[in-house]
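The values are calculated or read from the model by the stated rules, or taken from the named source; none is laboratory data. This is a predicted model, so every value here is computed, not measured. We place every Cβ from the backbone using ideal geometry, glycine too, and count neighbours over all the protein chains shown.
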């Protein structure tokens, strides 16, 4: 992460701002309560935050009875990624995504791969000063048709994301987010008119798993997904399969059935291999046969586009036509080797392939 930031400081000539020198940005969705305390209304935790303290996300702080978004305009991670890395396999494949994040997260996933930024406050990470206007300007300069809010949880830099997305929309740049979907309804519906696609981590399909392993709630995420579907956001799902925790046949089937029945059979789902890290470093990596099992369960459930992720070069990182079965997008990791989709249809049989394949 440090090398990534230093690289962009060098390329873009950005100034590594010192936090105390700039005015903090007032947060949205909070209310003042008893004495100097405030209650945040951004995510389902609805944290009651005393004067001088942070919410559980560590990204929002009560200063003199006002809640501030501490990471606004101060990303700790900036990069240009292939959009496939988010991962989006059915949204503008081959696009370059200008990707940003600031620190903090309202969840406490024991397996978090970006815990070095998600589990810290923006006041504890090395940041750069980058306004929403500058993000859009740099995205255009670097020929990125997409801005991605990613790495840490973008809900916790909500104001920064929303302001950037509004400017990007006016500039003809698409906005995508990779999120855990842990957000209250009002802020979500305020944001969605400016978001084009979302990859949502549906981390498992049991309340116990969400509570004990992720520190959140399943029902809140399912509500988010339904609202996104109603707003016609392009949705892809990612589920990290953690051995011994969320890999049972019954839980995977319940998850797949819910996705099909509520989001539709054309919703892509990515089953991702867990690698030992953070507080689950004592576990082994997910066996490939477990991922294959999840793939088969999903296909049997009626989901048309199923992928296996974090396993370089595997057969199921390709997109298959649901009608003729031929490979319509061949991938090698995040690289597209062959694209056989023409105007949203399979080049071989003419069947429609669900997704967003070109900008309008």
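List of remarks:
- Spans of strands (runs of 3 or more DSSP E) in the stretch 228-337 with at least 1 residues within 26 Å of residue 148 (Cα to Cα), in contact (Cβ under 8 Å) with a residue 60 or more places away in the chain and not assigned by TED's automatic domain parsing to the domain that holds residue 119: 327-332
- Qualifying position, being surrounded by fewer than 24 Cβ atoms within 10 Å (Cβ to Cβ), within 24 Å of residue 141 (Cα to Cα) and touching a helix residue (DSSP H, G or I) at 6+ places or on another chain (Cβ under 9 Å), among 102, 95: 95
- Filter result for residue 320 (on the phi < 0 side of the Ramachandran plot and either in contact with a helix residue (DSSP H, G or I) (Cβ under 6 Å, 6 or more places away or on another chain) or surrounded by fewer than 16 Cβ atoms within 10 Å (Cβ to Cβ) (or both)): no
- Only a single criterion out of (1) exposed (fewer than 14 other Cβ atoms within 10 Å of the Cβ); (2) over 23 Å from residue 301 (Cα atoms); (3) at pLDDT 95 or above is not satisfied by residue 325, namely (2).
- Boolean, residue 169 is at pLDDT 95 or above and either closer than 27 Å to residue 58 by Cα or part of a loop (DSSP other than H, G, I, E, B) (or both): no
- Just one of the numbered conditions (1) in the same structural domain as residue 212 (by TED's automatic domain parsing); (2) under 17 Å from the mean Cα position of the chain (by Cα); (3) at pLDDT 95 or above is not true of residue 131: (2).
- Test: residue in the stretch 181-189 that is without any contact (Cβ under 8 Å) to a residue 60 or more places away in the chain, surrounded by fewer than 21 Cβ atoms within 10 Å (Cβ to Cβ) and assigned by TED's automatic domain parsing to the domain that holds residue 258: yes
- Any hit, the stretch 151-162, residues being surrounded by fewer than 19 Cβ atoms within 10 Å (Cβ to Cβ), assigned by TED's automatic domain parsing to the domain that holds residue 93 and either under 16 Å from residue 72 (Cβ atoms) or in contact with a strand residue (DSSP E or B) (Cβ under 9 Å, 6 or more places away or on another chain) (or both): no
- Positions within the stretch 210-227 being in contact with a helix residue (DSSP H, G or I) (Cβ under 7 Å, 6 or more places away or on another chain), in contact (Cβ under 8 Å) with a residue 24 or more places away in the chain and either at positive phi or surrounded by 21 or more Cβ atoms within 10 Å (Cβ to Cβ) (or both), in sequence order: 216, 224, 225
- Residue match in the stretch 240-251 (condition: closer than 28 Å to residue 57 by Cα, within 18 Å of the chain's Cα centre (by Cα) and at pLDDT 95 or above): yes
- Unique match (being over 18 Å from residue 88 (Cα atoms) and touching a helix residue (DSSP H, G or I) at 6+ places or on another chain (Cβ under 7 Å)) among 254, 207, 275: 207
A quick yes/no check of all residues on (1) outside the structural domain of residue 138 (by TED's automatic domain parsing); (2) modelled with pLDDT of 95 or more; (3) more than 29 Å from residue 79 (Cα to Cα):
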| position | (1), (2), (3) |
| --- | --- |
| 3 | yes, no, no |
| 22 | yes, no, no |
| 26 | yes, yes, no |
| 36 | yes, no, yes |
| 47 | yes, yes, yes |
| 51 | yes, yes, yes |
